[in-house]
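So the structure is just underneath, and the comments pick up after that.
The values are calculated or read from the model by the stated rules, or taken from the named source; none is laboratory data. Only a predicted model underlies this, so the values are computations on that prediction, with no experimental measurement involved. In this analysis, Cβ positions are derived from the backbone assuming ideal geometry, glycine residues included, and neighbour counts consider all displayed protein chains. Note: areas computed on protein heavy atoms with side chains; ligands, DNA, RNA excluded. Shrake-Rupley method; radii C 1.70, N 1.55, O 1.52, S 1.80 Å.
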Amino acid sequence: VTLLLSRCLLKMVKGNIVVPEEILSFCCSGLQGSTSPPRAREPGEQEEAPGTMASPSPARNPTEVQMSQLVLPCHTNHRGELSTGQLLKWIDTAACLSAERHAGCPCVTASMDDIYFEHTISVGQVVNIKAKVNRAFNSSMEVGIQVSYEDLCSGKHCSICKAYATFVAQGPSGSKVKLKPLTPQTEEEKIEHSIAAERRRMRLVHKDTLKDLLTRSPRETELETRDGSIAVPAEKTRVESVELVLPPHANHQGNTFGGQIMAWMENVATIAASRLCHAHPTLRAIEMFHFRGPSQVGDRLVLKAIVNNAFKNSMEVGVCAEAYGQEMSVSRRHINSAFMTFVVLDQEGRPRTLPMVAPEPGDGERRYREASARKKIRLDRKYVVSCKQTEVPLSVPWDQSNKVYLSYNNVSALKTLVAKANWVLAREKEKVRMYTLEEDKFLSFRIEMSVRIAAGRAFSLLSDLRRRHEWDSHYASAELVQQVDDDDMIYHVVSQTLSCENKPQDFVILASRRKPCSKGDPYVVAFRSVTLPTHPASADFTRGETLCSGFCIWPESEEMSKVAYYNQATPGYLNYVTTNVAGLSSNFCATFEACEKFLLKNKEDLIMRLQDL
């Protein structure tokens, strides 16, 4: 208080303001220090320990950036709701600042993953944005962004969206910069760091997933029919607008902010959607997109938008951004393309039925088909990601359209389990250690040991379920049903008959393999149950399900590896668990010791074959 009053006094003196004598004397005495003796402690009062005034807070991620923005009328649309374009600018700015904290140099937006907007934000509310780097690769890094709003009057907080952006660090003359690795500290950071590699892999195959789905769908465009609805020609929704890039639109390097480009694209997309429905649409989602090149101050950005397809309650708008300089003779540069999903809400907040779209021949029909494919991928992805662990059945139907996201969900679930911090050592027998983790309704197990074998060789042996019966007595057989690709296989597994049952269990299991993304990462083999039309449940077996299990293999040296097996026990799997580890018996340890013998035997066989060659 004395310091604050002293600062006020200094300002008043400088401003030639008369200072009351009481304030002057109090400030002077405070600055000179009190000459009165120290206050005697009351009986029973403890002496204050040094540092008790400020208890140490948990270490904060050095890349974390927090932004709070009060929504003003200039930020809102006609309904008094925050413009999505303005929100995208804030998101991009916060994410860029976080990326530059880690890189120590300018960064540019390379891509943005899917964004789903859960709520709208009204004028007078506060937008809170938290961004931090999840993982750094060679010259790019993933930044995680969490957006929520706060109502200052009621104190209510609500989540708006969660996004992942990829930024590239740039050195002088636009050269790429090699980034230093990021070391996660908390359990949450370790999970995000581990799964970031999976999200990166999913981004790289996103386009291939769409192409694969289109090749399997009929080439003819089948228009949707609705009773009493007249199709609107897509050409009537076409919008074209031009923007001049000025210094306020760019960063300190002169490159246009990615968030500013996204805001302009959202603007023309909203106009195109309005021309179809003759109402004010609400943006619900933005598809994953990539920036193909930069634009600079002085560029003219041409933004084009058209409704690609209109479903019953939603529509997809395609937007394209191209740049050119002062000379029109120079060809335009393709900056970005994005696909945005809009809905039209009635007065009660429910989606309205939309008119149909009649696509243009040629490119219009292609965009129409692609929009339908993207919708199927979105729905499949949301179903896979939102599937709750307590729901039965746990198995998700496998399909070509969701194979990438099922694989991602499979590996991510195992990596999340691995990163948990509350594992408790339950038993240690010679080289085998068994840990348990109790969470909600699930009991998870981790069994690990060190084996004298190269990690890559162990990875190859343990990822083939057809050889599991050679060391696991609970497996009777495993048949390879489908080789999805080099990293994903689907097996039909039959277990031995348990004493408490009169018939064996069978599983349809998706096995997903991953090699290390960078130094320190493990080899991963993840298992989860799926359903296939070719292998329905049979009366000869009790259909079992596994939600999350698999191996992680860490290289300790060229000839030494740490092998760990994880299993999240579900209600349908408890009979197996009870038989295998009840009372922390040595059965699980014996199985893992058999696994070690299997690995060592096959290692020696390989050495002998190489010697023969």
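A few remarks follow.
- Filtered residues of segment 395-411 (kept if among the β-branched types (V, I, T) and more than 16 Å from L379 (Cβ to Cβ)): V411
- If you go through segment 531-563 and keep only what is open to solvent by less than 30 Å² (accessible area, probe 1.4 Å) and more than 22 Å from D472 (Cα to Cα), you end up with just L532.
- Within segment 62-98, the set of residues being β-branched (V, I, T) and touching a helix residue (DSSP H, G or I) at 6+ places or on another chain (Cβ under 7 Å) comprises T63, V65, T84, I91, T93.
- If the condition is being in contact with a helix residue (DSSP H, G or I) (Cβ under 9 Å, 6 or more places away or on another chain) and open to solvent by 50 Å² or more (accessible area, probe 1.4 Å), then segment 140-164 contributes no residue at all.
- Of the residues making up segment 516-530, those that are surrounded by 16 or more Cβ atoms within 10 Å (Cβ to Cβ) and of a type outside the set (D, E) are P516, C517, P522, Y523, V524, V525, A526, F527, R528, S529, V530.
- The set of residues in segment 335-386 that are small (G, A, S) and not assigned by the TED database to the domain that holds R275 contains only S386.
- Screening the candidates V123, V127, V71, V108 for the property of being more than 18 Å from the chain's Cα centre (by Cα) and under 15 Å from F257 (Cβ atoms) yields one hit, V108.
Residue by residue, here is whether (1) more than 23 Å from K190 (Cα to Cα); (2) in contact with an Asp or Glu (Cβ under 8 Å, 6 or more places away or on another chain); (3) not in a loop (DSSP other than H, G, I, E, B) holds:
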{"residue": "G520", "(1), (2), (3)": "no, no, no"}
{"residue": "A526", "(1), (2), (3)": "no, no, yes"}
{"residue": "S529", "(1), (2), (3)": "yes, yes, yes"}
{"residue": "T534", "(1), (2), (3)": "yes, no, no"}
{"residue": "T546", "(1), (2), (3)": "yes, no, no"}
{"residue": "S549", "(1), (2), (3)": "no, no, yes"}
{"residue": "W554", "(1), (2), (3)": "no, no, yes"}
{"residue": "S561", "(1), (2), (3)": "no, no, yes"}
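- The residues of segment 121-135 that are small (G, A, S) and part of a strand (DSSP E or B), listed by number, are S122, A131.
- Look at segment 325-354: where a residue is farther than 16 Å from E266 by Cα and a partner is among the β-branched types (V, I, T), sitting 6+ places away or on another chain with Cβ atoms under 7 Å, you get R332/V302; L345/T282; P351/V343; P351/V344; R352/V344; L354/V344.
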